[in-house]
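The values are calculated or read from the model by the stated rules, or taken from the named source; none is laboratory data. Quick caveat, the model's predicted, so the values are computed rather than measured. Here the Cβ positions follow ideal geometry from the backbone for every residue, glycine too, while neighbour counts run over all protein chains shown.
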Protein chains: 2
Amino acid sequence: MAQNIYDDPTFFEGYSQFRRSREGLDGAPEWPTLRSMLPPIQRLRVLDLGCGFGAFGRWAREAGAASVLGIDLSEKMLEEAQARTQDTGITYRRANIEELALPDGSFDLVYSALALHYLEDLAVVFLTIHKLLAPGGHLVFSVEHPLFTAPSHPQWRTEADGSKIWPLDSYLLEGKRITDWITPGVIKYHRTLSRYVNALLTHGYRITHMEEWGPSEQQVAESPELADERHRPTFLLMSAQKPPDSNDASE
Amino acid sequence: MAQNIYDDPTFFEGYSQFRRSREGLDGAPEWPTLRSMLPPIQRLRVLDLGCGFGAFGRWAREAGAASVLGIDLSEKMLEEAQARTQDTGITYRRANIEELALPDGSFDLVYSALALHYLEDLAVVFLTIHKLLAPGGHLVFSVEHPLFTAPSHPQWRTEADGSKIWPLDSYLLEGKRITDWITPGVIKYHRTLSRYVNALLTHGYRITHMEEWGPSEQQVAESPELADERHRPTFLLMSAQKPPDSNDASE
């Protein structure tokens, strides 16, 4: 079970100030790339894992999704998400992703933005999602990039000549990372990039695309504070498909 | 066309001293992992891109491969490879990978160890290989890991407490890297990990496995000079398949 840090009052207050919290999808610089990796969303039954304030679900419904179920651990976030919509095609539920009790094959798209790196057991998560997906269904997710989660001291350093380096260590040493982000003691799990790839393949998905997201030149021009992120990807974005002829032989 | 650094006398002499040159496959610590990613090799028609001294081809024939064609740019390496075998099932040819003129669908396995990062145009290489593979055929390759090729100064640094960091920068800035390795001015091409993944997918392959190779604890115990490599992968190993029902629609 993941740490429920988002219900910590100080964390919640801090997180709520972020541009991505205030402005929704348009406040997340990686959103245009992640959106381009989605299948056509009309009439899809959508599950949003770690839905937060529910921005994706509202966008999906406006774009024609049949229904959206948003799952999160944080009661405060779900309350806020519910307050932001009156759409009866969107429902919310408080649950651990690993313990979802939902019918097999009941979703066409599982989406998860910046949530899976809080979960310890990736294999269980991908297995659970695979069962929930209908044959031919899609999984599209973003996580903190492994290069972001790996180091003991994940902060840019300025060199004598003014250039920046990212002090990488421990990349191959997977496991728990405790960081100070908004509040001290935030728990996340570092995994290698190949772990994400092989966990998908092992559980019967086909990988369809991968992006190691960094800002475009235009985004850096508009938001100069993003400039360093050109040197080390911030997010890993992946899309995968449950094969149309899948009989869940892997399960 | 790739730089033909291996025919530089100083480079050739230096390279020939490496454990992997003297001992063949057993001198390459990543070989057991790469071997585990190969399909059953009995009766396969094998193409070895960047065959060097030919160690893989000799192993493949002993393991039951129907035939092996070894391709390399280096005349010296091909001469040495030829001198090491009398097996008429192994042939060598000097060629640029990008300019291979061979019948479509004439190989069941294309193997390439630590060669593709010398080539500028990955798309052309993967397209060429896809045509050469029979439907259902496999591509298995290793390259220097993108974390190894990315930095401006690719050398471990020792911290005040004795720990090591890898000074990462420029990961997202793909392109030429000129390094001093054995001799000055060795040209290779840095690409992100997602570039390898998406180039395979775009050209119609299915990805079957990925390894970011670092030494095992046992290998570090036996070869303590490998210890730092536990913090940053040295090699990227990938396997992919041309789908059995492929009609080369992507070409």
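If the requirement is being under 22 Å from residue A:20 (Cβ atoms) and either in contact (Cβ under 8 Å) with a residue 24 or more places away in the chain or of a type in the set (Gly, Ala, Ser) (or both), which of these qualifies: A:89, A:70, A:64? Give the steps one after another, and end with the answer.
Numbers: A:89 fails: under 22 Å from residue A:20 (Cβ atoms); A:64 fails: under 22 Å from residue A:20 (Cβ atoms).
One residue alone meets the criteria, A:70.
Residues in segment A:207-226 that are of a type in the set (A, V, I, L, M) and either modelled with pLDDT of 95 or more or touching a His at 6+ places or on another chain (Cβ under 6 Å) (or both): A:207, A:210. Is it the case that segment A:211-221 has a residue that's within 9 Å of chain B (Cβ to nearest Cβ) and closer than 18 Å to residue B:200 by Cβ? Among the residues of segment A:211-221, at least one is within 9 Å of chain B (Cβ to nearest Cβ) and closer than 18 Å to residue B:200 by Cβ, which makes the answer yes.
Against the conditions (1) within 20 Å of residue B:139 (Cα to Cα); (2) without any contact (Cβ under 8 Å) to a residue 24 or more places away in the chain; (3) surrounded by fewer than 20 Cβ atoms within 10 Å (Cβ to Cβ); (4) in contact with an Asp or Glu (Cβ under 7 Å, 6 or more places away or on another chain), residue B:40 satisfies every one except (4). If we scan segment B:94-110, do we find a residue that is within 14 Å of chain A (Cβ to nearest Cβ) and either within 17 Å of the chain's Cα centre (by Cα) or assigned to a helix (DSSP H, G or I) (or both)? Looking for residues that are within 14 Å of chain A (Cβ to nearest Cβ) and either within 17 Å of the chain's Cα centre (by Cα) or assigned to a helix (DSSP H, G or I) (or both), one finds none in segment B:94-110, hence no. When only residues in segment A:26-52 that are assigned to a loop (DSSP other than H, G, I, E, B) and among the charged types (D, E, K, R) count, which is farthest from the chain's Cα centre (by Cα)? Among those residues, the one meeting the criterion is A:43.
Considering each residue of segment B:222-236, count those that are at the interface with chain A (Cβ under 7 Å from one of its Cβ atoms) and within 15 Å of residue B:28 (Cα to Cα), and give that number. Talk me through it step by step, then tell me what you get.
Residues of segment B:222-236 that are at the interface with chain A (Cβ under 7 Å from one of its Cβ atoms), as a first pass: B:230-233.
Subsequent filtering for residues that are within 15 Å of residue B:28 (Cα to Cα) retains B:233.
Count: 1.
Filter segment B:114-172 down to the residues that are in contact with a strand residue (DSSP E or B) (Cβ under 8 Å, 6 or more places away or on another chain), part of a strand (DSSP E or B) and more than 14 Å from chain A (Cβ to nearest Cβ) and list them by number. Passing the criteria: B:133, B:134, B:136, B:137, B:138, B:139, B:140, B:141, B:144.
For segment A:139-172, which positions are in contact (Cβ under 8 Å) with a residue 24 or more places away in the chain and acidic (Asp, Glu)? The answer is A:144, and nothing else.
Within segment B:173-196, the set of residues being free of Cβ contacts under 8 Å to residues at least 40 places away in the same chain, within 8 Å of chain A (Cβ to nearest Cβ) and crowded, with 17+ Cβ neighbours inside 10 Å comprises B:194 only.
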